[in-house]
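The values are calculated or read from the model by the stated rules, or taken from the named source; none is laboratory data. What you see is a predicted model, and the numbers here were worked out from it, not measured in a lab. For neighbour counting, all protein chains shown are included, and Cβ atoms are generated from backbone atoms with ideal geometry for every residue, glycine included.
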Amino acid sequence: MESGNTIPIIVEFSGGLEMLFSDERKHKLSVPAKDDQGNAVNIGWLVQHLCQEVMKDSRKEMFVLDGHVRPGILVLINDADWELEGEASYALQPDDNILFVSTLHGG
Amino acid sequence: MEGHNTTAELLRRQITATEEELKRLKAQLAFLESEKAKSSRAGPEQDGPVTQRRWPLSEEEYKRYGRQMIVPNVGIQGQLRLKAASILIVGAGGLGCPASVYLAGAGVGIIGIVDGDVVETSNLHRQILHNTSKVGMKKVDSAISNLKALNPNIKYNAHTEHLTPQNVAEIVSQYDLVLDCTDHPTSRYLISDTCVLLQKPLVSASALRTDGQLIVLNTPPLPPGNENGGPCYRCVFPKPPPAESVVSCGDGGILGPVVGVMGVLQALEAVNACSATAELTLEKLAAMDYAFFCGVAAPVKVLASEERIEAREYEELRKQRGKEHLLLDVREKVQFDICSIEGSINVPFSTLQGNRGDVEIEHPSWLPETLPSEAPIYVVCRLGNDSQVITRKLKESGIDKKGTRYIGDIKGGFKAWKEQVDSSWPEY
């Protein structure tokens with residue numbers, strides 16, 4: 001097992017979510033290929049990682065609610081709805097683009 | 001505004017706004033009356049032969065919608081569909097204002113607007129139908145008075161209340177298509193659910209700060225549960241967002257052009273859905289050849305004067321029965337469908353232009369076999385430019401039988417035809 005391996009990915013936020021992440025829309029991240037148990041890292045792992053390591057804002061509940069991405073946020077994996085890719089269980093691949101879009105309501 | 005909006009101040013503003021509206025109505029009436037006087041003066045006795053025809057649109061409508069009717073994706077059929085369509089716009093704010101302006105401009109037959117709010121000064125940077133003198137007035141009334149000035153041909157319905165679960169079905173059921181231009185998840189779910197139950201397509205947009213989102217829902221609008229129907233708002237967002245995560249324009253801020261462009265896109269999707277003779281999408285819009293669409297700027301001078309006849313000369317010639325000839329209309333088919341002269345043959349400029357001029361084709365497929373080989377051919381187009389190019393081309397390809405057959409064009413095209421022969425000809 002090569003636990004030292006990392007995967008380069010791009011994580012983007014829009015629709016106001018970027019405000020929780022230092023007002024940066026685009027984050028280039030390098031994540032470990034395996035989690036503590038030696039399983040391939042997936043979106044579920046990434047969401048926790050973003051909450052604990054990347055988010056500077058204290059309002060975690062604006063991003064994650066009851067352990068899930070909160071309602072009103074669409075997750076796109078390489079421009080496809082994550083529901084088509086297995087949602088939180090999707091295993092990250094090198095150079096994946098993960099986009100979190102908060103639904104807007106203003107008009 | 002807080003505290004200063006006394007009833008007296010509101011009344012004063014309403015009086016100013018009403019006076020402006022009255023002025024506008026008077027101007028409209030004067031304009032209509034002068035148009036009527038003009039058309040009754042230009043009667044048949046003055047213009048000679050006017051063939052009585054029934055056109056599906058009024059003369060004013062051909063002029064008003066001409067520039068969009070000659071877009072192949074719309075055409076006369078698309079324009080008639082727009083005229084027969086009824087659209088409900090929920091919200092007369094940052095999205096609803098630009099959306100309704102373009103839909104009124106495009107000639108949608110019936111436009112309904114729902115909003116219970118009054119105009120506030122903080123709305124004015126983005127809600128382009130309202131103005132300073134309308135502050136305090138119902139948004140729906142302010143919007144409709146401006147839309148009437150833009151296009152009086154349309155029937156406008158004012159719904160000066162907010163949508164509620166009690167009134168929503170009665171209002172939505174009167175329309176073919178709905179635009180969600182509201183600003184809160186509650187109204188978005190309410191409108192979407194209603195559209196599913198009443199099987200109405202829904203174009204939903206939203207904006208905040210510098211972001212905008214657009215989604216076409218319930219298209220095609222099939223009965224609930226039918227898997228071939230398009231998804232609704234609830235399909236995409238089964239759970240509503242926590243209330244504290246919902247940010248309004250008042251709290252988060254909004255740039256006028258951002259919400260404006262979203263409203264304009266809603267209008268485009270609505271026009272697309274109503275007029276659709278073909279799909280008009282943003283991809284296709286980007287691929288459109290605008291240089292071709294805008295046409296040639298410089299006047300064309302290809303033919304000598306003996307190769308051209310005046311429109312009134314051609315009309316004389318038509319009246320001499322037995323004088324066999326062919327009238328070749330080289331406008332594009334979408335224009336030919338709007339109006340054409342009886343007996344003419346349509347071969348679009350674009351198809352003829354594709355043929356190599358140096359290749360001699362003495363008898364192309366469009367040339368009727370029954371036409372005597374010496375019968376003249378007259379070429380006509382919209383303004384008399386393309387017809388010159390085609391006349392030259394036909395002569396070079398040998399269709400003129402080495403000069404024994406006359407081929408010429410009608411000078412000034414259908415513009416001259418309208419001026420000299422048939423004043424009822426639609427100018428689109």
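A few notes on this one:
- Residue among B:V140, B:V90, B:V119, B:V101 that alone is under 29 Å from B:L10 (Cα atoms), within 14 Å of another protein chain (Cβ to nearest Cβ) and not basic (K, R): B:V90
- Every pair of residues 6+ apart whose Cβ atoms lie under 6 Å, when the first sits in the range B:394-413 and is on the phi > 0 side of the Ramachandran plot while the second is among the hydrophobic types (A, V, I, L, M, F, W, C): B:G413/B:V380; B:G413/B:C381; B:G413/B:L383
- Residues in the range B:80-107 that are surrounded by 24 or more Cβ atoms within 10 Å (Cβ to Cβ) and either β-branched (V, I, T) or in a helix (DSSP H, G or I) (or both): B:I87, B:I89, B:V90, B:G96, B:C97, B:P98, B:A99, B:S100, B:L103, B:A104, B:A106.
- A search for C-beta distances below 7 Å between a residue of the range A:35-47 that is closer than 14 Å to A:H68 by Cβ and any residue that is surrounded by 16 or more Cβ atoms within 10 Å (Cβ to Cβ) and aromatic (F, W, Y), counting only pairs 6+ apart in sequence or on different chains, returns A:N42/A:Y90; A:I43/A:W82; A:I43/A:Y90.
- Residues located in the range B:216-260, provided they are surrounded by fewer than 16 Cβ atoms within 10 Å (Cβ to Cβ), hydrophobic (A, V, I, L, M, F, W, C) and either at the interface with another protein chain (Cβ under 10 Å from one of its Cβ atoms) or under 18 Å from A:I73 (Cβ atoms) (or both): B:C235, B:V236, B:A243
- Residues in the range A:58-107 that are more than 14 Å from the chain's Cα centre (by Cα), in a helix (DSSP H, G or I) and closer than 22 Å to B:T186 by Cβ: A:E61 alone.
- Picking from residues in the range A:12-26 that are more than 16 Å from A:V64 (Cα to Cα) and not acidic (D, E), the one that is modelled with the lowest pLDDT is A:S22.
- Looking only at residues of the range B:180-204 that are under 22 Å from the mean Cα position of the chain (by Cα) and under 17 Å from B:G116 (Cα atoms), we find that the one that is nearest to the other protein chains (Cβ to nearest Cβ) is B:C181.
- Test: residue in the range B:376-392 that is surrounded by fewer than 21 Cβ atoms within 10 Å (Cβ to Cβ), within 16 Å of B:S344 (Cβ to Cβ), at pLDDT 90 or above and not charged (D, E, K, R): yes
- Filtered by the rule that a residue be at pLDDT 90 or above and surrounded by fewer than 18 Cβ atoms within 10 Å (Cβ to Cβ), the range A:56-69 gives A:V64, A:H68.
- The lone criterion from (1) outside any loop (DSSP other than H, G, I, E, B); (2) out of contact with any helix residue (DSSP H, G or I) (no Cβ under 6 Å at 6 or more places or on another chain) left unmet by B:P238 is number (1).
- So A:D23, is it away from every other protein chain (no Cβ under 14 Å) and not in a strand (DSSP E or B): no
- A:D95 vs. criteria loosely packed, with under 14 Cβ neighbours inside 10 Å, among the acidic types (D, E) and more than 12 Å from chain B (Cβ to nearest Cβ): yes
- Looking across the range A:35-51, just one residue is within 11 Å of the chain's Cα centre (by Cα) and not in a helix (DSSP H, G or I), and that is A:N42.
- Given (1) at the interface with another protein chain (Cβ under 10 Å from one of its Cβ atoms); (2) modelled with pLDDT of 90 or more; (3) assigned to a helix (DSSP H, G or I), number of the condition B:Q213 does not satisfy: (3)
- Taken residue by residue, the range B:140-147 has no member that is at pLDDT below 95, touching a Lys or Arg at 6+ places or on another chain (Cβ under 9 Å) and not acidic (D, E).
- A:F100 vs. criteria within 14 Å of chain B (Cβ to nearest Cβ), crowded, with 19+ Cβ neighbours inside 10 Å and of a type outside the set (V, I, T): yes
- Selection of the range A:74-92 for residues being modelled with pLDDT of 95 or more, within 11 Å of A:N42 (Cα to Cα) and buried (at least 16 other Cβ atoms within 10 Å of the Cβ) yields A:Y90, A:L92.
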